[in-house]
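Below is one structure, written out as structure tokens; the observations come after it.
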Amino acid sequence: MTRTMHAAVVEQFGKPLAFREMSIPAPGPGQILVKTEACGVCHTDLHAAQGDWPVKPTLPFIPGHEGIGRVAAVGAGVTSAKEGDRVGVPWLYSACGHCEYCLSAQETVCGKAEFGGYTKNGGFAEYILADPDYVAHIPNGLSSLEAAPLICAGITSYKGIKETGARPGEWIAISGAGGLGHLAIQYAKVMGLKVCAVDIDDGKLAHATKLGADLVINAREGDPAATLKTATGGGAHGVLITAPSLGAFRQGVAMTRKRGTCVLVGLPPGEFPVPLFDVVANCITIRGSFVGTRADMAEALAFGAEGKVKADIEPQPLSAINTVFDRLGRGDVPSRVVIDFENPSHASAREE
Ligand code: NAD
Ligand code: ZN
Ligand code: ZN
């Protein structure tokens, strides 16, 4: 094993990532070291690098929370993973295991949770330290490139859909048809829902139709909530907002059917106004949803392994990360870029 690794590092918020040669970390007791094969680029990584959120990561840090690879070394006392296992190092990097949330299998809201690529170094590096109790176990049927988007975009979409409570045959509106949204459309169809995809980009809406969306609406044209209500006879039973834009949140609430649930997963910085009278009089539920638990992870990956949900990926080398971030900020990534550590020459092979 070489002693150093390439990593893309956030040294200052809002500045391009720096490429550094760093020591490969050694796994301490209870830790594993993962040799990265692939890592998806989530819009959250861009928020992290820009310091968008109230609780900021400590500089410098390595982003990336869709890292997939093989266990290269295990620390003392590790029994739940062994060298050679293929695992994913997700956003929920670890949790305490003892609080009321951990004990009731709601570990995503553990007050002592650590976050991959945020409070802990992540997958934009050739090696990642991980907690074996919280890694995703990657089914054999999935390549590492295909699995990467599922461990954040996939699980978050899947869990968010469940949190809407929408039932087979009912309508779900998915606002934002990018990294999360293109997977949400597929999960929702497999779960028997009728899907309306909402985006501001006609190319993404055309792709949404190919992925099975029953209806598409451009959020910038006409009155999108009225269009949806007419087409669905009263609005969507469930709404999932993945768009990183505050305008989409207000619109999503307006798209929600009476007694329906609007689930917020997009995380643009800021606040949005809630029309109190409409929410109260229509008995609408608005709820947040944050990635998913380890049980949700296994379910979300199983859909992928069975071929029912497939991420559209664009492989890129780590050296392209700053260009990828620029494109993500402009809404110019069709679905998901995945950093390919195994074949760095994959540059520029865009799938669409
Ligand atoms: P992305 O950039 O791949 O996709 C965003 C999509 O939203 C794009 O297709 C874009 O065209 C579309 N969009 C932009 N403005 C819109 C608007 N006004 N109306 C409708 N669509 C609009 O991003 P992503 O990786 O899918 O992440 C989306 C958001 O979800 C980010 O804010 C990210 O931080 C957040 N996120 C949250 C969780 C969670 O656990 N809650 C997990 C992962 C990501
Ligand atoms: Zn993410
Ligand atoms: Zn806990």
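The values are calculated or read from the model by the stated rules, or taken from the named source; none is laboratory data. In this text, all values refer to a predicted model and were calculated from it rather than measured experimentally. Backbone-built Cβ (ideal geometry, glycine too); neighbour counts: all protein chains shown.
Of note:
- Selected residue [within 16 Å of ligand 2 (Cβ to nearest atom) and touching a residue at least 40 places away in the same chain (Cβ under 8 Å)] from G30, G69, G77, G64: G64
- Filter result (closer than 20 Å to F303 by Cα and within 20 Å of the chain's Cα centre (by Cα)) within region 188-206: A188, K189, V190, M191, V195
- Considering region 318-352, and only residues there that are under 24 Å from N140 (Cα atoms) and surrounded by fewer than 21 Cβ atoms within 10 Å (Cβ to Cβ), the residue that is modelled with the highest pLDDT turns out to be E342.
- Only one of the listed residues (V198, V190) is modelled with pLDDT of 95 or more and surrounded by 24 or more Cβ atoms within 10 Å (Cβ to Cβ). That residue is V198.
- Residues (under 15 Å from the mean Cα position of the chain (by Cα) and surrounded by 15 or more Cβ atoms within 10 Å (Cβ to Cβ)) located in region 275-297: S289, F290, V291, G292, T293, R294, D296, M297
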